[in-house]
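The values are calculated or read from the model by the stated rules, or taken from the named source; none is laboratory data. Keep in mind the model is a prediction, meaning the values are calculated, not measured. Backbone-built Cβ (ideal geometry, glycine too); neighbour counts: all protein chains shown.
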Amino acid sequence: MLALNNKVNYLKKSLAAELLKLFFDDELHEKINMIPIERVPKFSQPIDCCIFKDRAMIRNKIMALLGINIEEEEDETKDLSFFLEKALNRKSVDCPVLTVIDIACHSCEKEEYYVTDLCQGCSARPCESNCPIGAIKVINGRAVIDQTKCVKCGRCKDMCPYNAIVYKPVPCESNCPVDAISRDPDTGKAKIDYDKCIYCGKCTKSCPFGAIMDRSQIIDVAKNLKNGKNVIALVAPSIVGQFPGTILQTLSALKKIGFSKVYEVAYGADLTAKNEAEELIEKVGSGNQSMLCNSCCPAWVETAKKHVPELLKFVSNTPTPMAFTARMAKKDEPSSITVFIGPCISKKFEAIHNSDVDYVLTFEELGAFFMANGIEISELPENEFDSPFSTTAGRKFPISGGVTEAVEYYVNEINNDNSLKVRALKVDGLNKKNISMLKRIVKNENNFNFLEVMACENGCVGGPGVISNPKLTREKIKTYSTSKLKNEEMNY
Amino acid sequence: MLEVKICTGTACYVMGGSDLFFIEEKLSDEERKKVKVEFVPCLGYCKSGKGKPPFVLVNGKVYEKVIDIDVLIEILRENME
C-alpha cells in the first residue's frame, strides 16, 4: 500500500476542505464548475498526459466527494453543479460504498514477473535453474518468462545476481485480500465485484492514481449541520491522536462546527466486549461451541460471509460498538441525525444496513470540516463527552489485540472462578495469506477459543480513513485509556 | 544548533504533519545534539498564502508541503553540514 501521506490523499483532503469551505460560505453552487480549471490552469505542468485529463480527474474526484456513483453516470455533458444538486437532494445514502474513477484508472497491465534490460544472459542462469516449473528459457542472450506457465513464486527475482527481474503488480488487485478486483477485458479498467468485496478500502489506499475512492457523505453531513439540525457525532475510539491538541479539545471543535452532542463509541465498545464475554461463557464455556469470533469489524464479517462461510457460525451475534452507541443516541433523541466518525470505510456499508446510523465520515473527512471552518483545535477549551464514561477496555478496542484484551477482562470479571480461560488467535490485518490461513483453521484441531480478526493492520488505528501514523495513535490511546476513569454503572 | 519549528495547526496536522512527530527518534544520538525541535501552534502561513501545509521552519527558512518525515530528515542533515 502507499505511504500514509502521499499526493493522492493530499489532493483528496484539500479538495474536500475546499468544497466544504465554499459550501459553508454559500459559494459552492456558483464556483464548483470552476474548481478543476482553477486547480489546473492553462500552461501548468500536467501530472498526467495533459491539463485536460488532469482537470477531468479532479472533476471525477469531486464527484466521488459528492458521493456520486461514477460508474452509474453515463451522461458526460452534465456539469458538477448538476451533481451537487443531486447530492443535496438525496434523502439517504446507498450502496456501493466504493466507486471506480475510470478516467483516473491507468489500466495497469497484468500482474507479472518481468525481465528488464539489466538481464546479462549469464552462464549461471539461476533464474532458469531455480524456476520450479521450467517457465524460464534464455533466448537470444536474455531470459524470457513464459507467462502462461509462471506461478509467481518470485524465485527468479530473488536469485538474479543483476536484480534484472522485477515484480510488476497491479496495485489495487495485488492489495485486495479477496480478489474482488479485476480488469474489464475490453477497456482494461478496474472493476469491483461486489459479490466478493469486503469494503476494507485497501484498494483506495493502494492505487497510485487514486482511481478507487469511497463515496463521501461530507455534503450530506454539511447540509444538516448548516441547516441547524440536531446532529449527533458518534466518535470511534481511534480518534485519539488524529488531531492536534487533546481529545477533549477535539470535542469542542466538533461542537463548534455544529454537532449538538458527541458520544464516545468506546463506551459502546465496552458494551460489545461485555456482551461478547457473556456469549463466550455461554457458548464456549458450556462446551457447545469450540470458539467465538469477534463481530465488531464489518470487513471481517463480510469476509466470513463471502469467503470463509465455514467460520460464519462462530461469529458473535453481539452488536458492534457503533451499533450500541447509535442505538443509545437514537433512544436519547429520536429525531436526531447520527453521524459515525471513524477510520473505516466498511462502517459505511454497516451503517447503510443499520437505521440508527444516518451517515459515516472518516477522520480525513472530519479534518476537512475543521480546515473548512478554520478551526485551531489546540486553541480551544476542553469539553466533555455527552455519553457515559468508557473504560480502559473499550478505549483500547481499536488497537490490534485490544478486542481480545477487553473480552478477557469482562470474562474474568463475570466468571470470577476462572473456569474459562480465554485463549486467543489474533489476525492482525486481512491479506491473501491470512485468508487462506483462516480457511485452513476450520479444518484443524485448534487450541484457541477466541478468534480476533482485524481487517486492517494494527487494528482500526491503521484504517483507510486515518490521518495519523498508527504508531502515534497507539501511544496516545494507551495514555488516554487509563486516564480520567470513572466507573459508572452500565445501565443501558 | 539547528532550530526546527514544526507547525501543529489543524491544517498542517491534517494534511500530513502528524507524521513528523517521530522526527527525534529518526535522528541519531549525535544528530539529536545538533537539533532543537519545537512543535509550535499554528504559524498562520497557509492563511497568508506562504504556500501549502504542512509547514516546517528550519533556522527561519520556510519549507512547505512537508508530508514525508524522511524528506524532513534529509533537509535537516543538509543544513547540519
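Filter the stretch A:367-391 down to the residues that are of a type in the set (A, V, I, L, M, F, W, C) and either without any contact (Cβ under 8 Å) to a residue 40 or more places away in the chain or in a loop (DSSP other than H, G, I, E, B) (or both), then identify the one that is farthest from the other protein chains (Cβ to nearest Cβ).
Among those that are of a type in the set (A, V, I, L, M, F, W, C) and either without any contact (Cβ under 8 Å) to a residue 40 or more places away in the chain or in a loop (DSSP other than H, G, I, E, B) (or both), it is A:PHE389.
Could you say which residue among A:SER335, A:SER290, A:SER295 is among the hydroxyl-bearing types (Ser, Thr, Tyr), under 25 Å from A:PRO96 (Cβ atoms) and not in a strand (DSSP E or B)?
Working: A:SER335 fails: under 25 Å from A:PRO96 (Cβ atoms); A:SER290 fails: under 25 Å from A:PRO96 (Cβ atoms).
Matching residue, one of A:SER335, A:SER290, A:SER295: A:SER295.
Within the stretch A:461-476, work out how many residues are of a type in the set (A, V, I, L, M, F, W, C) and either more than 14 Å from chain B (Cβ to nearest Cβ) or in a loop (DSSP other than H, G, I, E, B) (or both).
Of the stretch A:461-476, the ones of a type in the set (A, V, I, L, M, F, W, C) are A:461, A:466-467, A:472.
From what's left, either more than 14 Å from chain B (Cβ to nearest Cβ) or in a loop (DSSP other than H, G, I, E, B) (or both): A:466-467.
Number of matching residues: 2.
Only one of B:LYS5, B:LYS47 is basic (Lys, Arg) and surrounded by 14 or more Cβ atoms within 10 Å (Cβ to Cβ); which? Break it down stepwise before answering.
On the way: B:LYS47 fails: surrounded by 14 or more Cβ atoms within 10 Å (Cβ to Cβ).
Just a single option satisfies the conditions, and that option is B:LYS5.
Can you pull out every residue in the stretch A:2-16 that is at the interface with chain B (Cβ under 7 Å from one of its Cβ atoms) and among the basic types (Lys, Arg)?
If the condition is that a residue be at the interface with chain B (Cβ under 7 Å from one of its Cβ atoms) and among the basic types (Lys, Arg), then A:LYS13 is the only one that fits.
Yes/no per residue for (1) within 30 Å of B:CYS42 (Cβ to Cβ); (2) in contact with a Pro (Cβ under 8 Å, 6 or more places away or on another chain); (3) at pLDDT below 95:
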| site | (1), (2), (3) |
| --- | --- |
| A:PRO177 | no, no, no |
| A:GLY188 | no, no, yes |
| A:ILE192 | no, yes, no |
| A:GLN217 | yes, no, no |
| A:ALA273 | no, no, no |
| A:VAL284 | no, no, yes |
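Would you be able to tell me the number of residues in the stretch A:40-57 that are surrounded by 20 or more Cβ atoms within 10 Å (Cβ to Cβ) and in contact (Cβ under 8 Å) with a residue 24 or more places away in the chain?
Keep residues of the stretch A:40-57 that are surrounded by 20 or more Cβ atoms within 10 Å (Cβ to Cβ), which gives A:40, A:57.
Among the residues that remain, those that are also in contact (Cβ under 8 Å) with a residue 24 or more places away in the chain are: A:57.
Summing the residues that are surrounded by 20 or more Cβ atoms within 10 Å (Cβ to Cβ) and in contact (Cβ under 8 Å) with a residue 24 or more places away in the chain in the stretch A:40-57 gives 1.
Could you grab me the full set of residues in the stretch A:392-432 that are in a loop (DSSP other than H, G, I, E, B), modelled with pLDDT of 95 or more and hydroxyl-bearing (Ser, Thr, Tyr)?
The answer is A:SER400, and nothing else.
For residues that are of a type outside the set (Gly, Ala, Ser) and either more than 12 Å from the chain's Cα centre (by Cα) or not assigned by TED's automatic domain parsing to the domain that holds A:LEU66 (or both), tally how many sit in the stretch A:203-212.
Residues meeting the conditions: 4.
How many residues are over 19 Å from A:PHE82 (Cβ atoms), surrounded by 16 or more Cβ atoms within 10 Å (Cβ to Cβ) and more than 14 Å from every other protein chain (Cβ to nearest Cβ) when one looks only at the stretch A:17-34?
Of the residues in that region, 1 qualify.
Please go through the stretch A:134-168 and pick out each residue that is part of a loop (DSSP other than H, G, I, E, B) and farther than 26 Å from A:CYS108 by Cα.
A:GLY134, A:ASN140, A:GLY141, A:PRO161
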